[in-house]
Amino acid sequence: MINIPENVQLALKMLNSHGFEAYIVGGCVRDFLLSKTPNDYDITTNALPEETQEVFKDFKCIDIGKKHGTIAVLINKMLIEITTYRIDGAYTDKRHPESVSFSKNLQDDLSRRDFTVNALAYNNLNETADFFNGKEDLKNKIIRCVGDPMKRFDEDALRIMRAVRFASQLDFTIEPETEKCIFSLKDTLSMIAVERIRTELDKLLCGKAVFDILMKYHDVIAVFIPEIAETVGFEQHSVYHRYTVWEHTARAVKNAPCDPLIRLTMLLHDIAKPCCFKLDEKGRGHFIGHPQKSSQLAFEILRRMKYDNKTINDVTQLIKYHDTKFTTRQDIKKTMSITGTELFEKLIEVQIADSLSKDGENQKPLNDMNFVRETYLDILAKNECTSLKALRINGSDLQKHEIHGKNIGYVLNILLNEVIMDKTENKHDILEKRCEEIKKSHHL
């Protein structure tokens, strides 16, 4: 028995009391049957949109897609989408039906859905509608299209990404015929808005089975990130790397914390290795400059996929410094001054995931990560200066010393570097004195 929340039960009962069928449907039923708590609840009904509005006339109703049968109802601050059983018309843009027609038959509605595990409905009478063996596929951990997979993917190409995303999230296997059609129609993903693909990619990267999915479906991801194609099968010829660039990448994603930003970083952190590859006279591979080049490529990829500016900045910074060696406290403070404290903490996780994913014969971590983490935390605890904001002198102080314009930033950065390197104490009077010395020696 599914424990439907009170507000959702009320919506179902109200529709039933007015003579209509009503079921919770799709992802919420799937999640319940997997013993998970759904994020939201959708209801399907044979009530027409106008009839739904009449049933809930005492509640706030929002027309979020009435022509497609959907009315959102606000019940005790909970927004519930209620959609009329429908049959989709022709799909001409690989994403949306040109038209819909309403139906009085639940099976019509469920037959238009993407996968069997999402084509389940459940009502207040503890009855589950399962016309396509979705419960059996849930039990066997299978992603299978409803009906003909070629037709399902041809209707909506985003379903290709949804299939591999669900397989990653749920740790399911994609049914062979469905998988065959995924590979056959993968290029139609190029017709889908990058924003929609980006959302699916982020969820895929945080899935339980992300390693297996990245290894098996890299050709699908390469449709919108073609740069990864060069990394697949690319041998590194290094005693520090047992795996190809792509397998190392997939392992690094899996070994990273389930933080979308860090997982995205690991996906792209070695993206430029193939174009930086050099083989020495002893047959050893080298990738000089790959962090900087990978950071540049990641910037282009993330811009192309319309990620927000903060995500782009954070990911490219993490990639740029993912191979940085830290041997002293000053090294750590120097990088903290560039990345900021919060991003440096993520950099620690990036470096750990990278090290865990090399597994070469002579594997050794780039850094002693215990030393890095303990030093980082100690720097924070002691409130040591790693930024201009924490410097005990500012631009106004420098103006009193007749330092103006761009010279202010120039001098402040010299002072910050000296404080970080423990050459100058972070005390106002000492910094003022040092300021005068810099002014004279640099003829400012």
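For the reader, a short list of remarks on this structure follows.
- The residue of region 202-223 that is surrounded by the fewest Cβ atoms within 10 Å (Cβ to Cβ), among those that are of a type in the set (D, E, K, R) and in a helix (DSSP H, G or I), is D219.
- Within region 67-75, at least one residue is more than 22 Å from I2 (Cα to Cα), open to solvent by 80 Å² or more (accessible area, probe 1.4 Å) and touching a residue at least 12 places away in the same chain (Cβ under 8 Å).
- The lone exception for P226 - which of (1) without any contact (Cβ under 8 Å) to a residue 12 or more places away in the chain; (2) surrounded by 18 or more Cβ atoms within 10 Å (Cβ to Cβ) it fails: (2)
- Filter result for the condition that a residue is surrounded by fewer than 20 Cβ atoms within 10 Å (Cβ to Cβ), more than 20 Å from the chain's Cα centre (by Cα) and either modelled with pLDDT of 95 or more or not in a helix (DSSP H, G or I) (or both), over T188, T199, T178: T188
- In region 148-164, the residue that is most open to solvent (accessible area, probe 1.4 Å) out of those that are of a type in the set (D, E) and either free of Cβ contacts under 8 Å to residues at least 60 places away in the same chain or outside any helix (DSSP H, G or I) (or both) is D148.
- Applying the criterion of being among the polar types (S, T, N, Q) and open to solvent by less than 20 Å² (accessible area, probe 1.4 Å) to the residues of region 84-107, the residue that is nearest to the chain's Cα centre (by Cα) is T84.
The values are calculated or read from the model by the stated rules, or taken from the named source; none is laboratory data. Values in this document were obtained by computation on a predicted structure and should not be read as measured data. Heads up, the Cβs are rebuilt from the backbone with ideal geometry, glycines too, and the neighbour counts pull from every protein chain shown. Just so you know, the surface numbers come from the protein's heavy atoms only, side chains and all, with ligands and any DNA or RNA stripped out. Shrake-Rupley method; radii C 1.70, N 1.55, O 1.52, S 1.80 Å.
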